[in-house]
Each structure stands twice: as C-alpha cells, then as structure tokens.
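Please treat every number below as a calculation from the coordinates, not as lab data. Remember, it's a predicted structure, so these values are computed and weren't measured experimentally. Neighbour counts run over all protein chains shown; Cβ positions are idealised from the backbone, glycine included.
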Amino acid sequence: MIQIDKNKNGYAILELLFYIAFFALLSIVTINAMIAMAQSFKETEVQTSLLRSGAIMERISREIRLADSINLISASSLKLNTTDSSGNAKTVQFSLSGANAQFFENDALTGNLNAPDIIVSSLTFTEITTTEGKGIKVILTVQSENDKYSRAVDFYDTVVLRGNY
C-alpha cells in the first residue's frame, strides 16, 4: 500500500500559485514593453514625415532661385517666369489649396508637393524688393495627420531670384 505524506500536498498548490503569479508578472512586463515600443515607432514615424516635408520648401526655393521674374504673387500663391532645360519659356506656380501645396507647370496641375499624410496648414509668399534685386520670403507650416498632439513644424526661407543678382 502506498502511503501519502500529507505535509507535501500544500507545497504543490503554493508552487502552482507562485508560477502563475510569476508568469502573469512576466506577461505584463512584456506587454508593456511592446506597447512602449509601438508608441516609440509611431512617434518616430510622425517626426520623420514632418521633417521629410522640408523637401517641399527645398523644391519651392530651388524654383524661385532658378526663376527669371515674378509673374504673380499673392499671400498663398506664387507664379514664376522661368525656362525649361531647352531654353523655352515656361511658368511654374505654387499655391495652397485646402491642405495641399500644389505645383503647376504652364498652368497645368502637376500634383501635390506634400505626402498624403501631411497637412499643409500655411504657405505664405512675400515679395522683397531692394535696389539690388528681388527676393521672396516663404513660410511653410505642416502637420501630420497621424500626430495625436497636432504639432506643427514651420519652415522659413528667403530666396533671391536668379535674374536679380
């Protein structure tokens, strides 16, 4: 006949409870680490897309620098007279339409300069005329659709037209 030691039965239940508690604690720590990692990834993605929007300002600045003269300028629209690579006259235009910075060549819409997840909240052009020539001050403000804090990033540039220096 098998004899059961009654003193060891309580230890098996205590061990089981200890292992369950240890597993639950380990699971909570792992889940919290995964949540923190996902939040960090999303924040990095938002910051990267906002900084990548600086390419909009670079494109506008380059076109202004290469332009011969200003055709039309208003608070949120700029049309420049320039030439293509063959030397033919053409116009380029930048304007704010809704939440998009649009680019036109010879009055035909080529597309939006901003990515679909970027909101252009402000695009301002100001003409600067001096005795030395003409320049344009550009202010661009962008936001990310994915940013829960609705932060805005401002880009500033003042560019002198090629034909004026």
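Amide H contacts under 5 Å for residue 157: 138, restricted to partners 5 or more places along the chain or on a different chain, H placed in the peptide plane at 1.01 Å from N. Here the Karplus relation 6.51 cos²θ - 1.76 cosθ + 1.60, evaluated at θ = phi - 60°, turns the backbone of the range 24-32 into coupling constants of 5, 5, 4, 5, 4, 4, 5, 5, 4 Hz, with x for every Gly and Pro. When Rg and the Kirkwood Rh are both derived from Cα coordinates, the Rg/Rh ratio for the chain amounts to 1.50. Extension gain for the segment residue 58 to residue 74, taken as residue separation times 0.36 nm less the Cα-Cα distance, is 3.8 nm to one decimal. Relative contact order of the chain, taken over Cα pairs closer than 8 Å and 6 or more residues apart, is 18 percent. Can you give the FRET efficiency for residue 40 and residue 157, using 1/(1 + (r/R0)^6), R0 = 45 Å, r = Cβ-Cβ distance, to the nearest 0.05? The formula returns an efficiency of 0.90 here.
For the chain, what number of Lys pairs, 8 or more residues apart or on separate chains, have alpha-carbon atoms under 24 Å from each other? Provide the component values of the computation, followed by the final result.
Details: 42/148; 79/90; 79/134; 79/137; 90/134; 90/137.
Within the chain, the lysine pair count is 6.
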